[in-house]
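> Please find one structure pasted underneath; my questions will follow.
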Amino acid sequence: MKLPLNLKVNGRAYALEIESHRTLTEILRDKLGLLGTKEGCGTGKCGACTVILNGRPVNSCLLLAVQAEGAEITTIEGLAIDGQPDPLQQAFVNLGAVQCGFCTPGMILTAKALLDSQPNPGPEQINQALSGNLCRCTGYNKITEAVLACATGEKETGDA
Amino acid sequence: MRIRPFEYLAASSLEEAVELLSRSGSKARLLAGGTDLVPAMKKGQEQPEKIIGLGAIPGLEGVRLSQGGLSIGALSRLADLAINPLLLQHAPALARAVGLIGSWQIRGVATIGGNICHASPAADSAGPLLALEAEVKALGPQGRRTIPLTEFFTGPGQTCLAGDELVESLELPLAQGRPAQTYLKLMRKKAVDLALVGVAVCLEMDSESQSLSKVALALGGVAATPIRVPEAELLLLGKSPAKALSLASEASRLAANGCRPITDVRASAAYRKQMVKVFVRRGLTQVLNQLSGQAQAGGAG
């Protein structure tokens, strides 16, 4: 069944016509060409499909696209500004928190949502917040360090 | 597998949702957060021809004080409930329990109504809700009815709701005095897992007599539905916190005897029974020490 879908992705408004049985992951990737969002398990366990929806990190593979009606969504493509990486993205790169990169978009977006609400989290808090994002490559330590470094770095440079 | 096509209908009011549901019969499913329904559709376990979306109905989210109790909207997101000030004050075991469901991503979408209607015997919200004597406010074509949660779960994945009824809210009486509660969840890993065993401990102390006026122990994951264990509760009722503490081991043994766990891929029945004993004792000790501290400090806590 075809339905209208109106939503904002990375600051840009879209008026789409979609099939009701499509998930948000499918719409982001196949309709909007935003391939940064990955489908890992497809069952809401690995977090590779994480996007930020109305300020919350969500598994886009578990959302029917219709559930995103009127929503504001940020995908990994929406973090860099004028080609400048977000400090969080830079921290991941600098500290070796990226290997194959498949979990990385979801991992960074969940971390971003965390730092937006908790500017100064400790390692335990970071790991709890990221427990819905699985990584097969890095062993997680460098990911935690990257998020910590970003939080501290923001404090040092006086950014919010 | 791909989700099969379906007709999607967005309800704009509860009454419209009920009307759509009763017209559509067994081929329709309600969509709240979808974190149970969508994976089931992907597995082919659910193949509804119609989906009735509840997300656009106003007034179904949030917690409010209502007639001397708490009213929790069925579409309240678990992430919001986990930090809700009213819940933290009056029903901390429930806030804690829903904060342990799934991951942060799941909790931002999943709803408490969906959690109880999915009716897993291990549902984390169920233990605290049972211990807190919650009632379900349901709406059907015949109107509203109130169902004690003790009657709500009828088997694994089964509720007493009629096919044309939906859940509007959960109603909880307010605790008398300061609540002393906890929720303990046994998982195979540190996060993002079903409860192998869930234990809710909710006590109330009468400040004049300094004795336990209310003792509620609820278990999840160890029977066909979430259950209370009255034999264990009665042992502690009316005792002082110190006396109850000395009976915690016996109470935990009674609780373990009162459960009927199964062996499945996650754990054996024997392990679950043993863990009920450990967690009930742990939970009681935690809460009773809290109460003892309050009693000694003259109730100042």
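> Got a number for carbon plus sulfur as a percent of chain A's accessible area, 1.4 Å probe?
So the carbon and sulfur contribution to the accessible surface is 50 percent.
> If you bin every alpha carbon distance in chain A into 10 Å steps from zero, what whole percent lands in each bin?
11, 41, 33, 13, 2, 0
> Ok, one more. Diagonalise the Cα gyration tensor of the range B:105-189 and give the resulting equivalent ellipsoid semi-axes, square root of 5 times each eigenvalue, largest first, whole Å.
Computed over the range B:105-189, the values are 23, 18, 12 Å.
> Roll a 1.4 angstrom probe over the protein heavy atoms and tell me the percent of accessible area of the range B:128-191 that is carbon or sulfur.
Carbon and sulfur together cover 46 percent of it.
> Next up: How much length is gained on full extension from B:Ala270 to B:Ala224, taking 0.36 nm per residue of separation minus their Cα-Cα distance?
Between B:Ala270 and B:Ala224, full extension yields 15.0 nm more.
> Something else: Do any residues of the range B:1-21 show a loss of at least 40 square angstrom of accessible area between the isolated chain and the full protein assembly, using a 1.4 Å probe, and if so which?
B:Arg2, B:Ile3, B:Phe6, B:Tyr8
> Is there a pair in A:Lys45/A:Lys112; A:Lys2/B:Lys42; A:Lys38/A:Lys112 whose C-alpha atoms are over 28 Å apart, and which pairs would that be?
none
> I've got another one for you. For chains B and A, what's the summed buried accessible area, probe 1.4 Å, to the nearest 100 square angstrom?
The contact between A and B buries close to 2200 Å².
> Where Rh is the Kirkwood radius over the Cα pairs of the range B:99-250, the temperature 4 °C and the viscosity 1.567 mPa s, what D in µm²/s does Stokes-Einstein return?
This corresponds to a translational diffusion coefficient of 78 µm²/s.
> When averaged across all projection directions, what area in nm² does the alpha-carbon convex hull of chain B cover?
Result: 15.5 nm².
> Across all directions of projection, what mean area in square nanometres is found for the Cα convex hull of the range A:1-96?
Hull-based average projected area comes out at 6.5 nm².
> May I ask for the Rg/Rh ratio of the range B:99-145, computed from Cα atoms with Rh as the Kirkwood radius, given to two decimals?
Ratio of gyration radius to Kirkwood radius for the range B:99-145: 1.03.
> Still on this model: Kindly give the semi-axes, whole Å and largest first, of the ellipsoid equivalent to the range B:169-232, taking each as the square root of 5 times a Cα gyration tensor eigenvalue.
Rounded to whole Å, the semi-axes are 26, 13, 13.
> Where Lys and Arg each count +1 and Asp and Glu each count -1, what net charge lies around B:Ala123 among other residues with Cβ under 12 Å from its Cβ?
Charge balance in the 12 Å sphere: -1.
> Add -39500 (n - 2.57) for each DSSP H run of 4 or more in chain A, then divide by its residues: what number comes out at 222 nm, to the nearest 500 deg cm²/dmol?
Rounded to the nearest 500, it is -9000 deg cm²/dmol.
> What's the angle, to the nearest 10 degrees (0 to 90), between helix B:248-257's Cα axis and the longest principal axis of chain B?
With both axes taken from Cα atoms, the answer is about 40 degrees.
> For the protein assembly as shown, compute the orientation-averaged projected area of the C-alpha convex hull (one quarter of its surface), in nm².
Taking a quarter of the hull surface, the average projection is 23.2 nm².
> Here is a follow-up. With 5 Å bins from zero, work out the P(r) of the range A:100-145 over every alpha carbon pair and list the percent per bin.
Percent of pairs per bin, in order: 5, 23, 37, 24, 9, 2.
> Run the quick spin-label model on B:Arg178 and B:Glu15: label points 7 Å from Cα toward the beta carbon, then report their separation in nm to one decimal.
Once both label points are built, they end up 4.6 nm from each other.
The values are calculated or read from the model by the stated rules, or taken from the named source; none is laboratory data. Since this is a predicted model, take the numbers as computed values, not measurements. Methodologically, a virtual Cβ is constructed for each residue, glycine included, from the backbone with ideal geometry; neighbour enumeration extends over all protein chains shown. The protein model used for the area step is the full one, side chains on, heavy atoms only, and it has no ligands, DNA or RNA in it. Shrake-Rupley method; radii C 1.70, N 1.55, O 1.52, S 1.80 Å.
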